[in-house]
Amino acid sequence: MPLEDRLKEIIEKVKRQQPRILAFVEHHEVPCHNNFAEYLIRISVLKRKVSGDSLPSWGANAYAVLLSIYVTCKLRGISLPNFMEESLKHYIRTGKPMLLKTYEAAYSLAKAA
């Protein structure tokens, strides 16, 4: 792709992202860097380096799902073992996975009581 076309593509992308590009200026809780996002994926990168990426595709998918649940629980201040236990109980009762918002609602009610 010629340089001129790449520049046009970048300019269009920036135009589409314009409302969000400077969110950190208006909202002080938003960081002005992506170090946090890089930190979150670092866990999987380290695991892949240690294991030599020897998981079959189904194992890699399962690992990705569990890692996603782990990181989400960590970010929301939820105990992963507690969530997994309640989620498994819910699945046995209903045949459906428990949503984090359902767990959070039940946990916050129990915590408040």
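The values are calculated or read from the model by the stated rules, or taken from the named source; none is laboratory data. Owing to the predicted nature of the structure, the values given are computational and were not obtained by experimental measurement. So basically every Cβ, Gly included, is an ideal-geometry build from the backbone, and we count neighbours across all protein chains shown.
Regarding the range 86-93, can at least one residue be identified that is hydrophobic (A, V, I, L, M, F, W, C) and at pLDDT 85 or above?
yes
Select from the range 74-85 the residues that are modelled with pLDDT of 90 or more and assigned to a helix (DSSP H, G or I) and write down the one among them that is nearest to GLU38 (Cα to Cα).
Applying the filter and picking the extreme gives LEU80.
Go through SER44, SER68 for me and flag whichever is modelled with pLDDT of 80 or more, under 30 Å from THR102 (Cα atoms) and surrounded by 11 or more Cβ atoms within 10 Å (Cβ to Cβ).
Checking each option against the conditions leaves just SER68.
Every residue in the range 53-81 that is among the polar types (S, T, N, Q) and without any contact (Cβ under 8 Å) to a residue 24 or more places away in the chain, please.
SER54, SER57, ASN61, SER68, SER79
Taking the residues in the range 47-65 that are of a type outside the set (D, E, K, R) and modelled with pLDDT under 70 as candidates, determine which candidate is nearest to MET98 (Cα to Cα).
LEU55
Filter the range 94-109 down to residues that are assigned to a helix (DSSP H, G or I) and not polar (S, T, N, Q) and give me whichever is farthest from ILE78 (Cα to Cα).
Restricting to residues being assigned to a helix (DSSP H, G or I) and not polar (S, T, N, Q), the top hit is LEU109.
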